[in-house]
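Everything on this sheet refers to the single structure shown next.
Read the figures in this text as sums done on the coordinates, not as results from a lab. Small disclaimer: the values here were computed from a predicted structure and weren't measured. Note: ideal-geometry Cβ built from the backbone for every residue, glycine included; neighbour counts use all protein chains shown.
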Amino acid sequence: MLKLRCPYCKFMADETELVPGGEAHIKRPLNNCSDDEFSSYLFYRKNPRGVHFERWLHQYGCGKWFIAARCTQTMEVFGTYSAQTTKPPIEIIRKIKLKRPEWDNKTK
């Protein structure tokens, strides 16, 4: 079972207490974008095999959104952080690079 530590209330919650919110760090296109650009933003996600950044809601806890960095193959969690953070914290990037030297941070 997936367990994530909420960065706000510091509670170690299992996935039954959380609600997944999809891929993190997606930028909404400007108002004058094409229909294809907006459709791509709205419906298409990377869904990589390996390291992934995703949003989670601590529904049965503090009720706040946060972001988790984890591996979709092994379920290994590298860390969690505030949903208001625009880029992954350097500590989490270092932790990922330590275990996955070949990993390329595509969320820049």
Query raised in the report: Which residue fluctuates the most in the chain, going by a Gaussian network model with Cα springs under 10 Å, if the choices are Glu91, Glu37, Glu76?
Result: Glu37
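Starting from the Kirkwood radius over alpha-carbon pairs of the chain, derive D by Stokes-Einstein at 10 °C in a medium of 1.306 mPa s and give it in µm² s⁻¹. Could the numbers behind the result be given before it?
On the way: Rh = 14.8 Å.
For these conditions, the coefficient is 107 µm²/s.
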Query raised in the report: What are the residues whose amide H is under 5 Å from the amide H of Phe78, where those residues sit 5 or more places off or on another chain and H is modelled from the backbone?
Result: Ala69, Arg70, Cys71
Requested in this report: Excluding Met12 itself, calculate the net charge of residues whose Cβ lies under 11 Å from the Cβ of Met12, where each Lys or Arg counts +1 and each Asp or Glu counts -1.
Outcome: +1
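Determine the dipole magnitude for the chain: charges of +1 sit on the beta-carbon of Lys and Arg, -1 on that of Asp and Glu, nothing else is charged, the reference point is the Cα centre, and the result goes in debye to the nearest 20.
On the way: 19 positive and 12 negative charges, 98 e Å.
Roughly 480 debye for the chain.
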Requested in this report: Using only Cα atoms, tell me the angle between helix 90-99 and the longest principal axis of the chain; keep it within 0 to 90° and round to the nearest 10.
Outcome: 80
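Count charges around Phe43 for me, please; just the other residues with Cβ under 12 Å from its Cβ, Lys/Arg as +1, Asp/Glu as -1. If you can, show how the numbers build up before the last one.
Working: positive: Arg45; negative: Glu23, Asp35, Asp36, Glu37.
Residues close to Phe43 contribute a combined charge of -3.
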Report summary line: Computed ³J(HN,Hα) along the range 71-76: with the Karplus parameters 6.51/-1.76/1.60, θ = phi - 60°, integer Hz and x for glycine or proline, the list is 9, 6, 7, 9, 6, 5
Query raised in the report: HN-Hα J couplings of the range 37-49 from phi, Karplus 6.51/-1.76/1.60, θ = phi - 60°, integer Hz, Gly and Pro as x?
Result: 5, 5, 4, 4, 4, 6, 10, 9, 10, 5, 6, x, 8
